[in-house]
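Contents: one structure, followed by commentary.
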Amino acid sequence: MKKVTVTTLYNKKKEGEKITAMTAYDFPFATLMDETGVDMILVGDSLGMVIQGGNSTLHVTMDEMIYHTRIVARACKRTMVVGDMPFMAYQTSVEDAVRNAGRFLKETDASAVKLEGGASVCDVIKAISTAGIPVQAHIGLTPQSVHQMGGFKVQRDEDRLMADALAVQEAGAFSVVLEGIPNHIAKAITEKLTIPTIGIGAGPDCDGQILVMHDMLGINSGHIPKFVKKYCNLGDEARKGIQGFIDEVKGGDFPAPEHCYNK
Ligand code: KIV
Ligand code: NA
């Protein structure tokens with residue numbers, strides 16, 4: 001099966017064909033996504049919240065990202081895998097940024113990295129892409145700046161968002177995630193850029209869409225943002241299975257003869 005590459009994504013934008021992206025953090029779900037045909041998996045630092053149970057993404061380490069990216073990429077025959085650079089993996093210096101970006105390609109089978117920020121991280125984007133590592137930018141609501149933004153808030157400064165989008169494209173980003181911005185701004189950016197935009201809470205006019213898998217599959221029980229659609233309810237299914245096991249063990253109905261080694 002042919003792997004999705006940056007070229008595939010450019011072609012999709014040119015043809016007006018939507019790009020599908022999801023987050024994943026482990027082998028079994030990445031296998032399901034690869035087999036079902038999602039174009040891109042982001043191993044997001046959102047794992048700090050949906051996998052580790054934290055209240056932000058700030059505590060995630062490079063080693064944790066490498067571990068999850070490795071097991072996701074192992075599952076993907078067709079889907080492109082992007083590793084998310086965690087907080088403090090690229091903010092300290094350009095050299096640190098290139099070294100950490102390189103770890104995703106050396107230590108896992110991911111083919112690209114993502115990092116947050118616009119004009120202010122262009123030196124980093126340029127250095128990483130010059131090293132031969134495709135970089136996806138991420139502007140708008142950038143969760144690693146949660147304290148600076150004063151919470152997870154929709155970003156509405158159109159001039160700044162457009163300037164950031166153009167700057168990351170100019171710096172060499174192959175794509176940009178637009179998170180938590182009004183539809184009309186995402187539309188204007190998508191029309192202006194030659195690189196594909198991937199939206200999350202950015203309306204229908206982006207070149208592609210991404211959602212966090214735990215939100216869209218109904219695994220999370222906590223707060224779900226307005227921009228999420230729940231496509232199924234795996235949490236309820238799992239609860240049913242867990243309750244069934246508890247009931248049958250307590251009632252003496254499990255294991256039944258067919259589950260036993262009788263000889
Ligand atoms: O970490 C993440 O899951 C992300 C996506 C929401 C874009 O950055
Ligand atoms: Na992220």
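The values are calculated or read from the model by the stated rules, or taken from the named source; none is laboratory data. Bear in mind that the values here come from a model prediction, so they are computed numbers and not experimental data. As a convention, Cβ positions derive from the backbone with ideal geometry for all residues, glycine included, and neighbour counts pool all protein chains shown.
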Complete set of residues in segment 52-72 that are touching a residue at least 40 places away in the same chain (Cβ under 8 Å) and either closer than 22 Å to Leu217 by Cα or assigned to a loop (DSSP other than H, G, I, E, B) (or both) = Ser56, Thr57, Leu58, His68, Thr69, Ile71, Val72
Check Leu166 against each of (1) touching a residue at least 12 places away in the same chain (Cβ under 8 Å); (2) within 16 Å of ligand 2 (Cβ to nearest atom) and name the one condition it does not meet.
-> (2)
Within segment 9-33, which residues are surrounded by 16 or more Cβ atoms within 10 Å (Cβ to Cβ), within 21 Å of Phe174 (Cα to Cα), of a type in the set (S, T, N, Q) and out of contact with any Ser or Thr (no Cβ under 7 Å at 6 or more places or on another chain)?
-> Thr20
Subset of segment 5-36 [more than 16 Å from ligand 2 (Cβ to nearest atom) and either under 12 Å from the mean Cα position of the chain (by Cα) or hydrophobic (A, V, I, L, M, F, W, C) (or both)] | Val6, Leu9, Ile19, Thr20, Phe27, Phe29, Ala30, Leu32, Met33
Would you confirm whether any residue within segment 37-51 is free of Cβ contacts under 8 Å to residues at least 24 places away in the same chain and more than 16 Å from ligand 2 (Cβ to nearest atom)?
-> no
Check Leu166, Leu161, Leu217 and return the single one that is assigned by TED's automatic domain parsing to the domain that holds Gly16 and either away from ligand 1 (no atom under 16 Å from the Cβ) or loosely packed, with under 12 Cβ neighbours inside 10 Å (or both).
-> Leu166
In segment 125-153, residues that are out of contact with any helix residue (DSSP H, G or I) (no Cβ under 8 Å at 6 or more places or on another chain), within 14 Å of ligand 1 (Cβ to nearest atom) and farther than 19 Å from Val113 by Cβ total 1
Helices (runs of 4 or more DSSP H) wholly in segment 161-263 with at least 2 residues that are touching a helix residue (DSSP H, G or I) at 6+ places or on another chain (Cβ under 7 Å), at pLDDT 95 or above and over 27 Å from Ala137 (Cα atoms) - which ones?
-> none
